[in-house]
Amino acid sequence: MDKERIRNRLAKFITSKWTKRVGIFILAILLCLLLFDQILMPLFVRSGQESTVPDLLGLSPEEANAILKDKGLELRVIGEEYDLKRVAGTVIYQMPEPESNVKKGRKIKVVLSKGGEKATVPQLKGMTLRQAELALEGRGLKIGEPVFISADSLPADEVIESFPSAGTTVPLSMEIRVLINKGDTLEVVKVPKFKGENIKEVKSKIEKSGLKLGKIKYKVKNRLLPGTVLNQIPKEGAEVRKGSIVELEVSTTD
């Protein structure tokens, strides 16, 4: 009878409201401990080990390194590239990007600007205008409007000097002016505009100008009427000696 009575009391205790509340309370505590251990604790630990990547674009390596050091990060320069928009020696690219979250001690890779791409003016003295133009094109430069003077001691139609002079480092695509000897005994004519006109009309215009038609290069341009002049050498307005050759680039649909 005593054993039966003990079992009944134990059953009543287990099924009582108080016991259920205690069990729910204990279960809630266990769940909170599990949540803290598995989720919150790693976040707290990770927050102390991570850092936000700052924006380094436009900064010098020294400036970038100082900022990264304060955030527990390191700088690594991985290369240089030409960039017209950024001063030479400043950051033009970084990896990871700004505002990225990374572990402290991470090396932030950057590429520095080499400034605008440069070219060296070749020696043009003694060349003809056409030869000078080709020499400049080979260096990524352009020929500007020529200046003509008379010098009896030098051959006609010869480059006397260039501006800037040979050996000067200049930005890519810069126009180089040349000084040309036109000669006192030679008649000089100004080259008319041929670009945009039909080749048939241009041929007649060239003869009337005291010039001669030289090489014609054809280029496919389906949107233009066949026979339209695309480019001319020498350029419109250039002063050349009478009888000089004019080269044309003309459109075709073939």
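The values are calculated or read from the model by the stated rules, or taken from the named source; none is laboratory data. What you see is a predicted model, and the numbers here were worked out from it, not measured in a lab. Note that we place each Cβ from the backbone using ideal geometry, even for glycine, and neighbour counts take in every protein chain shown.
Within the group 177, 139, 130, which residue is part of a strand (DSSP E or B) and among the basic types (Lys, Arg)?
Of 177, 139, 130, the one residue that is part of a strand (DSSP E or B) and among the basic types (Lys, Arg) is 177.
Restricting to the stretch 100-114, count the residues that are of a type outside the set (Val, Ile, Thr), out of contact with any Lys or Arg (no Cβ under 6 Å at 6 or more places or on another chain) and surrounded by 13 or more Cβ atoms within 10 Å (Cβ to Cβ).
Looking only at that region, the number is 4.
State which residue is modelled with the lowest pLDDT when the search covers only the stretch 99-157 and only residues that are over 24 Å from residue 171 (Cβ atoms) and among the polar types (S, T, N, Q).
Residue satisfying both the conditions and the ranking: 153.
Counting just the residues of the stretch 204-247 that are of a type in the set (Lys, Arg), within 15 Å of residue 129 (Cβ to Cβ) and surrounded by 15 or more Cβ atoms within 10 Å (Cβ to Cβ), which one comes out nearest to the chain's Cα centre (by Cα)?
By that ranking, first place goes to 235.
Listed residues 133, 117, 145; which is among the acidic types (Asp, Glu), surrounded by fewer than 16 Cβ atoms within 10 Å (Cβ to Cβ), under 29 Å from the mean Cα position of the chain (by Cα) and closer than 21 Å to residue 235 by Cβ?
One residue alone meets the criteria, 145.
Could you grab me the full set of residues in the stretch 234-254 that are part of a strand (DSSP E or B) and of a type outside the set (S, T, N, Q)?
239, 240, 241, 245, 246, 247, 248, 249, 250
Working only within the stretch 73-99, note down all residues that are in a loop (DSSP other than H, G, I, E, B), exposed (fewer than 15 other Cβ atoms within 10 Å of the Cβ) and in contact with a strand residue (DSSP E or B) (Cβ under 7 Å, 6 or more places away or on another chain).
Of everything in the stretch 73-99, those that are in a loop (DSSP other than H, G, I, E, B), exposed (fewer than 15 other Cβ atoms within 10 Å of the Cβ) and in contact with a strand residue (DSSP E or B) (Cβ under 7 Å, 6 or more places away or on another chain) turn out to be 87, 88, 89, 96, 99.
Give the number of residues within the stretch 156-175 that are within 24 Å of residue 88 (Cα to Cα) and among the β-branched types (Val, Ile, Thr).
Final tally of qualifying residues: 3.
Would it be correct to say that residue 170 is under 30 Å from residue 251 (Cα atoms) and buried (at least 16 other Cβ atoms within 10 Å of the Cβ)?
In short, no.
Just name the residue that is modelled with the lowest pLDDT out of those in the stretch 197-254 that are closer than 23 Å to residue 179 by Cβ and of a type in the set (Val, Ile, Thr).
240
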